[in-house]
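To start, the structure itself, in structure tokens.
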Amino acid sequence: MTATVEWLSFVAERLPELWLRTGEHLMLTGVSTIAAILVGIPLGVAAARVRWLRSPLTGGVGILQTIPSLAMLAILLALLQRIGAVPAIIALTLYALLPIMRNTLAGLEAVSPEVVEAARGIGMSTRQRLWLVELPLSIPVIIAGIRTAAVLSVGVATLSAFIGAGGLGEFINRGLALSNTELILLGAVPAALLALTVDGSIAAFQWGIRRRRSRGTPFRGMVDRIARPLAVASPLVLLVAGGFACLSTSNPFSGSAWASSATDAQTIRIGSKNFTEQLILGELMGQLIETHTDLSVERRFNLGGTMISHGALVSGGIDLYAEYTGTALTAVLERSVIPDPARAYEVVDREYRQRFSAQWLQPFGFNNTYTITIRRFDATSRGLRTISDLIPVAASLRAGFSAEFSERPDGYPGIRSAYGLRFGEVRDLDPALMYQAIASGEVDVIAAFATDGRIEAFDLQPLEDDRRFFPPYQAAPVIRTETLQAHPELAQVLGLLAGVIDDATMQRLNYAVDEDKRSPAEVVQELLERRGLL
Amino acid sequence: MISLKHVSKSFDGGTHPAVDDVSLDIREGETLVLLGSSGSGKTTLLKLTNRLLEPTSGTIEVDGEDIATKDPILLRRSIGYVFQGIGLFPNMTVEENVAIVPRLLGWASEKRRARARDLLRLVGLEPAAHADRFPDELSGGQQQRVGVARALAADPDYLLMDEPFGALDALTRDILQQELLALREQLKKTIVFVTHDIFEALTLGDRLAVLHAGRLEQIGTREEILRTPATDFVRELFAKPAQQLAAYGELL
């Protein structure tokens, strides 16, 4: 009973945002599906008409389908140099092409040769044959393809939140980053319902346009005059409702990818990657700016990883976000590791100014390095203290690494050559889930974040990096030079907490969000109050 | 008049011509039946006449003009065509099917509608009961009446009919044959009618052209062909059914 009440109030609190995110989701799905219809049907017609085009077209569009969604988003971000709705819609359109094109082709090919010959024989031109006979006869098959595409888009659109396009994926990402099941469900359940609604509305559209077969009884007349037009209009009604939801200015929730994307000199757009610490730092910078300047803040959090956040900064999709020196050095600048923290900071700041027209502000104080971490029980019982101690036993251990760690030169490839470590098995794990995975014994080794509160909470033991492989990862705000020139006071405001958030403080903040399930905003507000900064 | 001059058509580069050096005239106002078994080239010949197929060699003239010089689409709109099987458009109502050629020709919708209804009456279908139906709601015989009405819609001088009654039961076929005869008296069209049915050929044709393996065996009136068959093939073609009929008569 109390659980239900809690759940209801949890949802009620977020209703305005739920409305907005659903609207964004509808727009993402609707606009991309319409675009895919406009491109996919002509492609299907071309494939049906021009024999030598068929294989390249179906093959090419099929290959698009095999590109993993996140990779597609990252590629488009790199190509378009912007985050938000545009790359998301393009990605969704590319995915929706295949079912629409395939079904158009299949529908046209299913038209009986007798009918085609009759159309030619009575003197229809190729174009008339297409419009008057072949396409009308293919409509049921084409609409089936559109339904597949639309439902697929509703699903894939949840990933658009990774590049700041909003939608219900916003809740899911936040939930994943914070290990908060309620938030995940708040995105996933409406997304599933939305998929059913969209599918139903297109089915209704199809029923509405289908030509009636026999003459009317009074009841049928009513159905024809009222129900059919409504059915035909239903997809459009959905789309308009979605547009209204995300463009309505009365919505108090800031940060819609659709509403306020116009660059306003008085608005600072803050980004963050998709894990707890990043959300806290983003919130921290946001609240500092809101309380100490007249500027307003737009939060574009939960971007899908370093490359997407960096891409957003460089392209101007965001004005600032918090980055780590070690990450910038190795993953962004592709340089080798610099063990001295001050020197590393100096190098990244210089390189960012030169190459990206961005600069580094004063670090927050903590060093969120990767730590190779095992269960404390294993550490004590087997006498493991350093990473070198792992070398003889590594072959019998299962490691769980985030996808990013598995690839980065300062990640698994790096320690493999620095220590000669070879784990028996390596699994890809979401950063938010790896602590649970090691605690429950599904893996034996993880690459934890040094500032993560769950290291203590789950009774884990970080191993000493005895060969000094991991570079320093000092966190600091990275800001576009242009933004800093327009608002020089930002350097001072963001410097208010410089150097005072040490490893232990950051660990505590992370723990409060991850394990005590408090919101980043609340945790940050408390910290600022305690420091007298509110 | 339609004139075929040394017309040949081959689908495989000349080894087995589907139509082999056929010359014949179709006279104004007559019904010429192309009679032959399957593979004799009769349907190919019909399709060559409205450029659904192009001849490998030879020329075809309609009213003295070589059709190779005409726009095939405009040519087809000026010649009525009734298709083997059904050939109605399943996505259109009966009325829309009948009015399709006038629509392609750009007639105003009122005029199209009136024309379609007149034609439905002409082929014995009451417009009020049938115009708004879809083809699959009609019987086979009714569908073929619609097919004839559609071919007549733009009032063409020529009508090409490709085994139009082949898929119908004997009784319906007989009725439609009689109706076609009546219609022909009324409309004075020049008709080329393809069939493999000897009795249908004898019933409908002013003249018969007998085709075999792509070649024209004989062309002439019923009497000419029955009395003086030009080849052994023609003689045997008609002898067999005559024997059957005789046997059937004895039974009665």
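The values are calculated or read from the model by the stated rules, or taken from the named source; none is laboratory data. On a predicted model such as this, the values are computed, not experimentally measured, just so you know. Please note: Cβ atoms are built from the backbone with ideal geometry, for glycine as well, and neighbour counts cover all protein chains shown. We work out accessible area using only protein heavy atoms, side chains counted, and drop any ligands, DNA or RNA first. Shrake-Rupley method; radii C 1.70, N 1.55, O 1.52, S 1.80 Å.
What the table shows:
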item	result
Separation between Cα centres of region B:194-252 and region B:1-30, rounded to whole Å	20 Å
Under the Debye formula (equal points on every Cα, no solvent term), log10 I(q)/I(0) of chain A at q = 0.09, 0.11, 0.13 Å⁻¹	-0.75, -1.01, -1.28
Additional length obtainable on full extension of the chain from B:Gln178 to B:Ala239, 0.36 nm per residue less Cα span	19.5 nm
Gain upon complete extension [A:Phe244, A:Val223; 0.36 nm per residue less C-alpha separation]	4.7 nm
Exposure of A:Trp7 as accessible area (Å², to 10), given a probe of 1.4 Å and all protein chains	90 Å²
Region A:463-534-region A:315-342 distance, computed between alpha-carbon centres (Å)	16 Å
Near-label residues of region B:187-208 by backbone N, under 19 Å of a point 7 Å along Cα→Cβ of B:Asp25	B:189-193, B:206-208
Cα centroid separation - region B:122-173 against region A:103-165, whole Å	30 Å
Relative contact order of region B:1-147, pairs being alpha-carbon contacts under 8 Å that are 6 or more residues apart, as %	20 percent
Summed buried accessible area for A+B [probe radius 1.4 Å, Å², rounded to 100]	2100 Å²
Average accessible area per residue (Å²) across the protein assembly as shown - probe 1.4 Å, nucleic acids and ligands excluded	43 Å²
Residues of region A:89-133 buried by at least 50 Å² on assembly (accessible area, 1.4 Å probe, chain alone as reference)	A:Glu117, A:Ala118, A:Arg120, A:Gly121, A:Ile122, A:Gly123, A:Leu132
Sites A:Ala504 and A:Val237 - FRET efficiency at Förster radius 56 Å, r taken between beta-carbons, to 0.05	0.55
Per-residue mean of C-beta atoms belonging to partner chains within 10 Å, peptide A:136-144	1
Aspartates and glutamates whose Cα lies under 20 Å from that of B:Lys111, excluding same-chain neighbours fewer than 8 positions away	B:Glu95, B:Glu96, B:Glu126, B:Asp132, B:Asp155, B:Asp157
Sparse-neighbour loop sites [trypsin sites (Lys or Arg not before Pro); region A:411-447; at most 16 other C-beta within 10 Å; DSSP]	A:Arg422
Nearest-0.05 FRET efficiency for A:Glu334 and A:Ser381, computed from C-beta distance (R0 45 Å)	0.65
